[in-house]
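For reference, the structure is listed below as structure tokens.
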Amino acid sequence: MGSRSFKFFYAILILVQVLFGINFITSKIVVSHITPSYWAFMRFFCSGVILMTYSFIFYRKECGRGYQYYLKAFIFAFLGVAVGQTAFLEGISRTTSVNASILASTIPIFTLLIVIIMRHEVFTWNKGLGILLAFIGVLAIRKVDAFSFSNTTFLGDMLIILGAFSIALFLSLCRQFMLENNKYWITSWMLIFSAFQVLVYSQIVGVKLVTPDVWNIELLFCMSYAIIGATILTYLLSNWALAYVDSEKVALFIYLQPIIANILAWTYLGEAVTLQSIISCLLIMLGLFLALKVNRQNHIKN
């Protein structure tokens, strides 16, 4: 594809990170009223049903066939959604927010290592330098001086790393599957499968269901946004882009989340703009530019 094509998919990936960035705010409101794992089940199940209904109406004949199709969808749902989301939710409750945000930023690094080991991509110095600069920017913006390993946070830290590695595996392995099949149906089945995977986990570990005492407009809006904006749109757009953009490039856009979070903090929360945050954002953007610049015409596959 031409230069317009890769710019289009990069714009899609930027939109995905914006939607995810907003979801950090809405999710905090929702999980303060509903048990996180049960909310994950409700979120994924409702999103899957809505998207599956749409797929059935407009793409009825393109639904996958055969046990291998559903097995792959089940595995990718487990890696990319169930483990990634559950490990993060469980991990962040057992560690500090600084540790969680920094460790979650290892997703692009894990992804690059996996695709190189699998010989899907070749390591270049520009890629390595770009990822390093972006990661340093994340460390600076996340206040790395507050990062610490301790006995009290060890389990949570390991869960965050598990979630990051699981998402990296998903990004590295599922690209061909996305390319060969209808993205609406794949995303529908992944969301449905992951919903019940999370529910089974909740039952096994004995998580208690907590529901809101009072339902209000703010809570309903945040729940609606999490289902439509932060789940249906984000997973659908991500899977769509993943079929055409190299896996490690998709993972790199995760580094935009701290920039989006800072912009939201400056504009809506009234936080002060500091020199450190500006330099951090510039480092992340420079790192992304270097990593995405290499042979960019080859990053979009036909």
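Key figures for this structure:
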{"quantity": "Cβ-derived FRET efficiency at R0 22 Å, THR152 paired with ILE29, nearest 0.05", "calculated": "0.25"}
{"quantity": "Gain on full stretching of the segment that runs from ILE57 to ARG119 - 0.36 nm per residue minus C-alpha separation", "calculated": "18.4 nm"}
{"quantity": "Violating pairs (Cα-Cα greater than 24 angstrom) within the set LYS72/LYS183; LYS61/LYS249; LYS72/LYS127; LYS7/LYS127", "calculated": "LYS61/LYS249; LYS72/LYS127"}
{"quantity": "Length added when fully stretched, ASN182-MET285, from 0.36 nm per residue minus Cα-Cα", "calculated": "33.8 nm"}
{"quantity": "Relative packing of peptides 194-201, 175-182, 211-218 - highest average C-beta neighbours within 10 Å first", "calculated": "194-201, 175-182, 211-218"}
{"quantity": "Interchain or long-range residues, amide H under 5 Å from ASN182's placed H", "calculated": "none"}
{"quantity": "³J(HN,Hα), Karplus 6.51/-1.76/1.60, whole Hz, each residue of the stretch 214-224, x for Gly, Pro", "calculated": "10, 9, 10, 4, 4, 5, 5, 5, 5, 5, 5"}
{"quantity": "Total formal charge among the other residues, if their Cβ is under 14 angstrom from that of PHE154, Lys/Arg +1 and Asp/Glu -1", "calculated": "-1"}
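Every read-out reported here was derived from the displayed coordinates using simple, explicitly stated rules and does not represent laboratory data. Since the structure is predicted, the reported quantities are computational estimates derived from the model, not experimental observations. For neighbour counting, all protein chains shown are included, and Cβ atoms are generated from backbone atoms with ideal geometry for every residue, glycine included.
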